[in-house]
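S.K.: Have a look at this one before I ask anything.
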């Protein structure tokens, strides 16, 4: 097999092959062996075809295979790039340097999480064939959903993204289009790509998805919509009741479209529960416990219409079977403990104080930022990589916005969950100095 080094891609890797299957396998190998990193650009179809001496149709077929595997994503004028989280055992970004103040990872503040309960020795042992979901947990979650006006069937899944993945797989097929927020959570964007689905970005403001843009996306024949009602990652957007009504009126004209809500922050989001669900059919609301009880509790509650929940539970039985009852009992013990739930409002207030402290400090320096709810603040910048690097030189680790956005402008995401208000002015000063130090495009010509 001949190999041709590509001059328009980094020299440390090669793509080879004479068939679509061989080319796709070659690219997958380069990703797995870390020579093609997440976010790397691939050559154009015509360029790769010319260099491998195959037809453009062959290369296009290879790229299509890679897209259906979720290894690459087509990004319009930006070409084809390796997915930011390809479904392969690749290197993770790793933790931020211990020398930096870590505001990049999106975690809740460990100090504000409850301590996990120890299991009672007499707790019943669960065996094959028994009920998958703990009835007490299901009933507790059902009451919580009903209090927010969300009534439907309830299932237990292994975390928020597991629930979203199972719902999408229950209704969609590779090639279907999914409307997602722009900017939006990288986990959802990568998951959609990994399932072989096509992304249709929907712009949002501080109140969530823009009705006119959602209407446009629905006219593009999307089969599903994924929305975040509050604590939107990365912008902190939170739906108002009025915005939810506007979106619901648009969605009601498209009853065949699946609607999924990712309510990942729940009671510590810093915004009330607002929803465009329930609907007559094809809907799900997924509430993870990770942000308010702890990320290591890999569990979420899913409410939805009867058909959707039945499909989710049926597919679950064929694979993992059920979510561990050890986890389910631990979640129930915490979630039903008044000493734990009584702290949720205080935790939400703490996060709100930290968000507002940074937003206000930035505003005093003429820097706009968004963060209506949740754990993050979204700050528009002209050059993401330069801003991240400049802040790292000053001791701060923040996240570049590029993995989160499709059509929207550059920004950086700052996780404020552990940022004390006393630190906000120093970070704002350092960001302002960093932005002044970055040359403008005109100055570098």
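The values are calculated or read from the model by the stated rules, or taken from the named source; none is laboratory data. Source: prediction; values computed, not measured. In this analysis, Cβ positions are derived from the backbone assuming ideal geometry, glycine residues included, and neighbour counts consider all displayed protein chains.
S.K.: Is there a residue in region 91-101 that is under 30 Å from residue 265 (Cβ atoms), assigned to a loop (DSSP other than H, G, I, E, B) and modelled with pLDDT of 85 or more?
M.R.: Checked against the condition, which is being under 30 Å from residue 265 (Cβ atoms), assigned to a loop (DSSP other than H, G, I, E, B) and modelled with pLDDT of 85 or more, region 91-101 yields at least one hit.
S.K.: For region 350-369, give me the residue count where each residue is touching a residue at least 40 places away in the same chain (Cβ under 8 Å) and part of a helix (DSSP H, G or I).
M.R.: 12
S.K.: Within region 174-187, track down each residue that is at pLDDT below 95 and under 15 Å from the mean Cα position of the chain (by Cα).
M.R.: Within region 174-187, 186, 187 meet the criteria.
S.K.: Do we have residue 126 as touching a helix residue (DSSP H, G or I) at 6+ places or on another chain (Cβ under 7 Å) and modelled with pLDDT under 95 here?
M.R.: Judged against the criteria, residue 126 is a match.
S.K.: Restricting to region 255-266, count the residues that are out of contact with any strand residue (DSSP E or B) (no Cβ under 7 Å at 6 or more places or on another chain) and crowded, with 20+ Cβ neighbours inside 10 Å.
M.R.: Total meeting the criteria: 1.
S.K.: Now, a different point. If you check every pair at least six apart or on different chains, which have Cβ atoms under 6 Å apart with a residue in region 432-445 that is in the same structural domain as residue 368 (by TED's automatic domain parsing) first and a residue that is at pLDDT 90 or above and in a helix (DSSP H, G or I) second?
M.R.: If the second residue must be at pLDDT 90 or above and in a helix (DSSP H, G or I), the pairs left are 434/387; 434/390; 434/391; 437/390; 438/386.
S.K.: Within region 374-412, how many residues turn out to be without any contact (Cβ under 8 Å) to a residue 24 or more places away in the chain and within 22 Å of the chain's Cα centre (by Cα)?
M.R.: Of the residues in region 374-412, 2 are without any contact (Cβ under 8 Å) to a residue 24 or more places away in the chain and within 22 Å of the chain's Cα centre (by Cα).
S.K.: Take residue 221 and decide whether it is closer than 27 Å to residue 381 by Cβ, in contact (Cβ under 8 Å) with a residue 12 or more places away in the chain and out of contact with any strand residue (DSSP E or B) (no Cβ under 6 Å at 6 or more places or on another chain).
M.R.: No; evaluated as a whole, the condition is false for this residue.
S.K.: Mind listing whichever residues of region 308-321 are over 13 Å from residue 168 (Cα atoms) and either touching a helix residue (DSSP H, G or I) at 6+ places or on another chain (Cβ under 6 Å) or surrounded by fewer than 18 Cβ atoms within 10 Å (Cβ to Cβ) (or both)?
M.R.: Answer for region 308-321, where residues must be over 13 Å from residue 168 (Cα atoms) and either touching a helix residue (DSSP H, G or I) at 6+ places or on another chain (Cβ under 6 Å) or surrounded by fewer than 18 Cβ atoms within 10 Å (Cβ to Cβ) (or both): 310, 314, 317, 318, 319, 320, 321.
S.K.: If you don't mind, another one. Just a yes or no: is a residue in region 39-47 surrounded by 13 or more Cβ atoms within 10 Å (Cβ to Cβ), at pLDDT below 90 and over 19 Å from residue 74 (Cβ atoms)?
M.R.: no
S.K.: As an exercise: evaluate residue 368 against (1) within 18 Å of residue 353 (Cα to Cα); (2) modelled with pLDDT under 95 and give the number of the one condition it does not meet.
M.R.: (2)
S.K.: Okay, next question. Based on this model, can you work out whether residue 152 counts as touching a residue at least 24 places away in the same chain (Cβ under 8 Å), surrounded by 17 or more Cβ atoms within 10 Å (Cβ to Cβ) and either under 15 Å from the mean Cα position of the chain (by Cα) or closer than 26 Å to residue 376 by Cβ (or both)?
M.R.: No.
S.K.: Give just the number: which of (1) surrounded by fewer than 21 Cβ atoms within 10 Å (Cβ to Cβ); (2) touching a helix residue (DSSP H, G or I) at 6+ places or on another chain (Cβ under 6 Å); (3) closer than 18 Å to residue 142 by Cα does residue 289 not satisfy?
M.R.: (1)
S.K.: Any residue in region 270-284 that is within 23 Å of residue 369 (Cβ to Cβ) and either surrounded by 23 or more Cβ atoms within 10 Å (Cβ to Cβ) or free of Cβ contacts under 8 Å to residues at least 12 places away in the same chain (or both)?
M.R.: yes
S.K.: What tally of residues in region 323-341 results from selecting those that are outside any helix (DSSP H, G or I), surrounded by 14 or more Cβ atoms within 10 Å (Cβ to Cβ) and out of contact with any strand residue (DSSP E or B) (no Cβ under 8 Å at 6 or more places or on another chain)?
M.R.: 1
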